[in-house]
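Here is the structure we will look at.
What follows draws every value from the coordinates through simple rules; no lab data is involved. Note that the structure is predicted; figures quoted are calculated from it, not measured. Virtual Cβ from ideal backbone geometry, glycine too; neighbours counted across all protein chains shown.
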Amino acid sequence: MKQGFNSPMRYQTNKFRISMDKPDLIIRSRRVVTPETIGAASVHIRDGVITAIGEWGEVSAETTLVDAGDAVIMPGLVDAHVHVNEPGRTEWEGFRTATRAAAAGGVTTLVDMPLNSIPPTTTLEGFKTKLAAAQEKCWIDVAFWGGVVPNNTPELKPLLDAGVRGFKCFLVHSGVDEFPNVNETNLLEAMPELAKLDSVLLVHAEVPEPIENAAEQLKDSNPQNYQTFLKSRPRASENEAVALMIRLCRETGARVHIVHHSSADALPLLKSARAEGLPITVETCPHYLTFAAEEIPDGATHFKCCPPVRERENREQLWAALADGVIDMVVSDHSPCTPALKLAETGNFLEAWGGIAALQFSLPVMWTQLQARGFGLCELTRWMSAAPAKLAGLDIRKGRLASGFDADIVIWHPEKEFKVVPEIIQFRHKLTPYTGMNLRGVVEATYVRGIKVYENGQFADKAAGALLTK
Ligand SMILES: [Zn+2]
C-alpha cells in the first residue's frame, strides 16, 4: 500500500526519526565541565540545544565538529548584575558594546539592571521602551530586572507578566534621581505583593543614617584619599540594611537577594538567617574579592563603587563566606559611566560616579584568584553560571552543560595569561581598575545557543542574542 503523507505509519516513522536525529554540531575537548564531572567528552547540539554529553570519541563524519583540544569547555557565565544604561544613558554603555564585551569574556547571558537607563524599568511602559532599544543589538542573551520604587506596586505584576526576572530596589539614594530609593513603609507594601507573585527582591543593602553621620564627621577630610571614601560608606550602613531585610523577609515571606555584598560584619547575620531557613541569597563581585582598601591609591576614582572595596581582612572573610556557601554567587556589577564623571583630574572620591567597569574580565579575574586560593572549575561554574542562572529563574535552560539545556558554551585556556590593556577592552569606556594586571584564563570562543558569537578577538557579524522575556 502506498503511504500518504498523513498515514499513521508515516507519522510514526517521522517521530522516531526526529527523536533519533543526529546533532548538527559537536564541540569536544579533553576538559568538559558538566555538573557531574570534568573530563574528555563531546557536547552534542541540535538547533541550539544540548542533546547529549557523549564520549569524547562519539562523533560522526557528517556532523560539524569543533575540536577544542585540551581547552576547557564550560557553560557560559550568567552575569546577573549588569548596568547596560540604554536607552537614555547610552553614552555610558549600550547593548551593543556591553554584550560584545560579555561575549569576549565568556558571558553568554546577562541580566540588565533596571536603572541608569532612562526610563528606568519600573513601569511596563519603561520596560517596553527598553526592549525596543535592545532589539538586534545583543550578541548574547539578555534578560531584565524590574525595579521597586515608592508607589509602583501596581506595576509589579504587569512587569513580571511581560518577562522581568524579579525586582531591584535601593535603601539609599541610587545615584540617579529617576530611580528613588524605598524605605521600610514602601517595602511593607511591595514585599507582600512580591511574595504573592513568588518573585524575588534584589536589594542594594546600605541604609542612609550611618552614611549621613559619617559625612558629618568627614567634612574636613581629604576627598582624594581612599580612606575618606571608605569611612564615608561605613560597614554599619550595610549591616543595618541586611538586618532590616532579614526581618522583612521573615515578616513578609518575600524572597530577598542581597546584591554586591561587601561588609564582612554582616556575614554572621546572613549565615544565621540562612540557617533559619529564610529565602535569602547573596552575591558579591570580583572587585571585592580582588582589591583591598589599603592598596588603592589616592585619587584612583576608577576603584570607586558603593558599597566600597573594603580592607584586606574584610576581603578574606568574603572568600571564606563563598567557600562556606553564605555567599552564593559572583557577578560583575558592571556599572560604567563616561570618563568625565569619574573625575580623574581632581581625583575626588566623594564626588565621582560610583561604579566599576569590568564585565569582560570576570572570568579571568576570578580564575586567577580561584587558582591561587585552591579552588577549581567546579566552584567557578557554580558561582558564576549555575547560581546566577537560578537567581534569575533561568536554571531550566541556562547555567550548565546538560541535555536539554541551551548550548551556551565558553571555550577557554586556563593556563594562558594576558595583560589588560585598553586595546582589548570591548565595553564602551576603557577605564577599569584591572588595567595593567596580568590575568590567567584566555577566552578562545563563545557560543550562544550553538551559534559562535565570538572567537579570538572577532565577533559574529550578526547580533544573535535573544531577549529572554519568557
Ligand atoms: Zn549595580
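Computed over the range 357-470, the range of Cα coordinates on each principal axis works out to 40, 37, 22 Å, biggest value leading. Per residue, the chain reaches -8500 deg cm²/dmol at 222 nm when only DSSP H runs of four or more residues are counted, each adding -39500 (n - 2.57). Per-residue 3J(HN,Hα) values for the range 216-231, derived from phi via the Karplus relation 6.51 cos²θ - 1.76 cosθ + 1.60 with θ = phi - 60°, read 4, 6, 9, 3, 9, 8, 6, x, 8, 7, 4, 4, 4, 5, 4, 5 Hz in sequence order (x marks Gly and Pro).
The P(r) of the range 404-465 has a tail past 20 Å containing 37 percent of all C-alpha pairs. By the rule of a C-alpha distance below 29 Å, with chain neighbours fewer than 8 residues away ignored, the lysines paired with K462 are K22, K128, K130, K137, K390, K398, K416, K419, K430, K452, K470. Coupling constants for the range 169-179 follow from the phi torsions by the Karplus curve (6.51 cos²θ - 1.76 cosθ + 1.60, θ = phi - 60°), and in residue order they are 9, 10, 9, 9, 3, 7, x, 10, 5, 7, 10 Hz; glycine and proline get x. The simple Förster model, with R0 at 56 Å and r as the Cβ-Cβ distance, assigns R247 and Q135 a FRET efficiency of 0.85. Sequence-distant contacts, meaning Cα pairs under 8 Å at least 6 residues apart, place the relative contact order of the chain at 20 percent.
For the range 35-83, pairs of C-alpha atoms spaced more than 16 angstrom apart make up 49 percent of the total. Here, the range 70-116 has an Rg and a Dmax of 12.2, 44 Å when only alpha carbons are counted. How large is log10 of I(q)/I(0) for the range 101-194 at q = 0.22 Å⁻¹ when the intensity is taken from the Debye formula with one equal scatterer per alpha-carbon? Per q value, in the given order, log10 I(q)/I(0) is -1.09. Computed from the C-beta positions of A320 and D67, the FRET efficiency with R₀ = 30 Å rounds to 0.15. Note on the chain: percent of Cα-Cα distances in each 20 Å bin, starting at 0 and stopping at the bin with the largest distance, equals 25, 56, 17, 2, 0.
Rounded to the nearest 20, the Cβ-based charge dipole of the chain about its Cα centre (Lys and Arg +1, Asp and Glu -1) stands at 1480 debye. Any idea how far the Cα center of the range 188-242 sits from the one of the range 94-167, in Å? Taking the Cα centre of the range 94-167 as reference, the centre of the range 188-242 is 24 Å away. Across all Cα pairs in the range 139-230, the calculated P(r) in 5 Å bins from zero up to the longest distance comes to 3, 12, 20, 18, 14, 10, 8, 8, 5, 1, 0 percent per bin. The protection proxy used here, the mean number of other Cβ atoms lying within 10 Å of each residue, ranks peptides 196-206, 95-105 as follows, highest first: 95-105, 196-206. For the chain, give the share of DSSP beta bridges that are antiparallel, in percent and rounded to the nearest 5; count only bridges with both residues there. Among the beta bridges of the chain, antiparallel pairing accounts for roughly 50 percent.
Once the C-beta distance of W56 and N222 is scaled by a Förster radius of 51 Å, the resulting FRET efficiency is 0.30 to the nearest 0.05.
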